[in-house]
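Please read the structure below before turning to the comments.
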Amino acid sequence: MPMEPSEQERLQELARFLKTRRARISPEQAGLPNTGRRRTPGLRRSEVAQLAWISVDWYTRLEQGRDIQVSAQVLDNIAEALKLNATERRHLYMLALQQLPPDFTQSVRSVSPYLQRFLDQQGTSPALVTDQQLNIVAWNQASNLIYGDYEMLSVRDRNSLWRTFTSPVIRRLLQEKWEAHARHRLAQFRANYGKFTGDPQWIALIEELSGISEPFRSWWQEHDVIVGPEGKKINYHPIAGRLEFDQLAFQVSDAPHLTVTINMPADEETTTRVRTLLERG
């Protein structure tokens, strides 16, 4: 069966990327002896294959844009042989497997000072940053005051999925909207899990929640997936009262495994109530 044009272009882009990365590495940089003058700069295909512990024929097929199966281990070997930096390695994975490297499942636990400043500048809009496992890794003061003091929460409780299904605070905050929110969170998590199926950290979280939450256990079997924000969000804060937000979410360009979510007050009353909370501290 012939390949779709888009699939063929992806493989050709992979081939071109590999050729350019190979051309910029000298034998000396790769730790190989220089055997004299070369017709073209950089490493030979055979040398990349040697360094990556794969056959020359297999690597040649990859550089020819052939439709062949490739594993994460082989991609990592090639990335090391070609001395790719972190951004180039991610690009290699996306071209070859159409997914990020598996180590992106790990939480970064922090963000850049520029991203944190952006969150702080949102003022009356609660703003959060989550990784692909829905761990909350950064937030602003409005989020702290409305959703709970993240500084005081454990690492596990800073996982949005875990907290949604286990925290009575979140149930009180969402009231009749809890089920819709919980199903949306679960569908987001499930969509991300497709990139990391079998990862021990993800499996541990799924098993723990299945053991303590009947709704999670039941809804997990439905295999719903979704990408994107919730849209309209209503919270019932014990001090501020009813808060209505419009939700916006986007990925960080230089850290695509992170998602910024901003809850923007949907009316002046919500803006005033959040501002009052901020003034009280």
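Of Lys232, Lys195, which has the most accessible area and how do the rest follow, probe 1.4 Å? Could the numbers behind the result be given before it?
Details: Lys232 110, Lys195 80 Å².
Heavy-atom accessible area, descending, gives Lys232, Lys195.
Restricting to DSSP H runs of at least four residues, report the calculated mean residue ellipticity at 222 nm for the chain, -39500 (n - 2.57) per run over all residues, nearest 500 deg cm²/dmol.
Values: 13 runs with 135 residues, N = 281.
Roughly -14500 deg cm²/dmol at 222 nm, from the helical runs in the chain.
May I ask you to give the solvent-accessible area per residue for the chain, in square angstrom, as obtained with a 1.4 angstrom probe? The partial results should precede the final answer.
Numbers: 15010 Å² over 281 residues.
With the other protein chains kept in place, the chain gives 53 Å² per residue.
Take the solvent-accessible surface of the protein heavy atoms, probe 1.4 Å, and return the percent of it on the stretch 149-199 that carbon and sulfur atoms account for.
Numbers: 1230 of 2440 Å².
Roughly 50 percent of what the probe reaches on the stretch 149-199 is carbon or sulfur.
Using θ = phi - 60° and the Karplus relation 6.51 cos²θ - 1.76 cosθ + 1.60, list the HN-Hα couplings for the stretch 118-135 in order, rounded to whole Hz, with x at every Gly or Pro.
4, 4, 5, 6, 6, x, 7, 9, x, 10, 9, 10, 10, 8, 5, 8, 6, 6
Along the Cα-to-C-beta direction of Ala72, a point sits 7 Å from the Cα; which residues of the stretch 175-217 have their amide N less than 15 Å from that point?
In the stretch 175-217, the label zone of Ala72 (backbone N under 15 Å from the point 7 Å along Cα→Cβ) covers 192-204.
List the lysines whose Cα sits under 21 Å from the Cα of Lys19, skipping any in the same chain fewer than 8 residues away.
Lys83
Can you list the GluC sites (Glu not before Pro) in the stretch 222-281 that are in a DSSP coil and have 15 or fewer other beta carbons within 10 angstrom?
Answer in residue order: Glu222.
Hey, what do the phi angles of the stretch 147-154 turn into as Karplus ³J(HN,Hα) couplings, whole Hz, using 6.51/-1.76/1.60 and θ = phi - 60°, x for Gly and Pro?
Running phi through 6.51 cos²θ - 1.76 cosθ + 1.60 with θ = phi - 60° gives 9, x, 6, 5, 4, 8, 7, 6 Hz.
Name the residue from Leu84, Pro41, Val70 whose Cα lies farthest towards the positive end of the charge dipole of the stretch 1-89, charges +1 on Cβ of Lys and Arg and -1 on Cβ of Asp and Glu.
Result: Pro41.
What residues qualify as long-range amide H neighbours of His257, i.e. H under 5 Å apart, gap of 5 or more or another chain, H built at 1.01 Å from N?
Residues meeting the amide H criterion: none.
In whole percent, how big is the carbon plus sulfur part of the accessible area of the stretch 58-99, probe 1.4 Å, protein atoms only? Spell out each step's value before the answer.
Details: 910 of 2090 Å².
Carbon with sulfur: 44 percent of the solvent-accessible area.
Pop a pseudo-label 7 angstrom from the Cα along the beta-carbon direction at both Leu32 and Glu268 and give the gap in nm to one decimal.
Between Leu32 and Glu268, the simple spin-label model gives 7.1 nm.
Give me, ordered by chain and number, the residues 5 or more places off His237 or on other chains with an amide H under 5 Å from its own placed amide H.
Amide H neighbours of His237: Arg242, Leu243.
So what is the relative contact order for the stretch 143-281, in percent, with contacts set as C-alpha pairs under 8 Å and at least six apart?
On the way: 148 pairs, mean separation 26.8, N = 139.
That works out to 19 percent.
Which chymotrypsin sites (Phe, Trp or Tyr not before Pro) does the stretch 1-81 hold that lie in a coil by DSSP with at most 15 other beta carbons within 10 Å?
Details: sites: Phe17, Trp53, Trp58, Tyr59; in loops: Trp53.
Sites meeting the loop and neighbour criteria: Trp53.
Against the empirical 2.2 N^0.38 Å scaling, what ratio does the C-alpha Rg of the chain come to?
Values: Rg = 23.6 Å, N = 281, 2.2 N^0.38 = 18.7 Å.
Ratio of Cα Rg to 2.2 N^0.38 Å: 1.26.
Give the relative contact order (percent, whole number) for the chain; include only Cα pairs under 8 Å separated by 6+ residues.
On the way: 360 pairs, mean separation 39.7, N = 281.
Taking the mean separation of contacting Cα pairs over the length of the chain, I get 14 percent.
Using a 1.4 Å probe, how large is the accessible area of Thr40, given in Å² and rounded to the nearest 10?
90
List the GluC sites (Glu not before Pro) within the stretch 122-210 that DSSP assigns to loop and that have no more than 13 neighbouring Cβ atoms inside 10 Å.
Numbers: sites: Glu151, Glu176, Glu179, Glu207, Glu208; in loops: none.
Nothing satisfies the criteria.
What is the Cα coordinate range of the stretch 198-281 on the first, second and third principal axes, sorted by size from largest, in whole angstrom?
45, 36, 24
Please work out how much length the chain gains when fully extended from Glu208 to Val169, using 0.36 nm per residue of separation minus the C-alpha to C-alpha distance, in nm with one decimal. All intermediate terms of the calculation are to be shown ahead of the outcome.
On the way: separation 39, 0.36 × 39 = 14.04 nm, distance 1.95 nm.
Result: 12.1 nm gained on full extension.
Just want to confirm a number: the relative contact order over the stretch 223-281, from Cα pairs under 8 angstrom separated by 6+ residues, in percent. Write down the numbers at each step before the final one.
Working: 74 pairs, mean separation 16.0, N = 59.
It comes to 27 percent, rounded to a whole number.
Based on the Cβ-Cβ distance from Ala249 to Thr276, what FRET efficiency comes out when R0 is 22 Å, to the nearest 0.05?
Between Ala249 and Thr276 the formula returns 0.25.
Which one of Val260, Ile212, Thr60 has its Cα pushed farthest toward the positive end of the charge dipole of the chain, where Lys and Arg give +1 and Asp and Glu give -1 at the Cβ?
Farthest along the dipole direction, towards plus: Thr60.
Put a dot 7 Å past each Cα toward the Cβ at Arg45 and Arg61; how far apart are the dots in nm?
A separation of 1.2 nm, rounded to one decimal place.
Suppose each label sits 7 Å from its Cα in the direction of the beta carbon; what would the Asp199-Gln8 distance come out to in nanometres?
With each label point 7 Å from Cα toward Cβ, the separation is 3.5 nm.
The values are calculated or read from the model by the stated rules, or taken from the named source; none is laboratory data. Worth saying up front: this structure is predicted, and the values here are computed from it rather than measured. For neighbour counting, all protein chains shown are included, and Cβ atoms are generated from backbone atoms with ideal geometry for every residue, glycine included. For accessibility, only protein heavy atoms count, side chains too; no ligands or nucleic acids. Shrake-Rupley method; radii C 1.70, N 1.55, O 1.52, S 1.80 Å.
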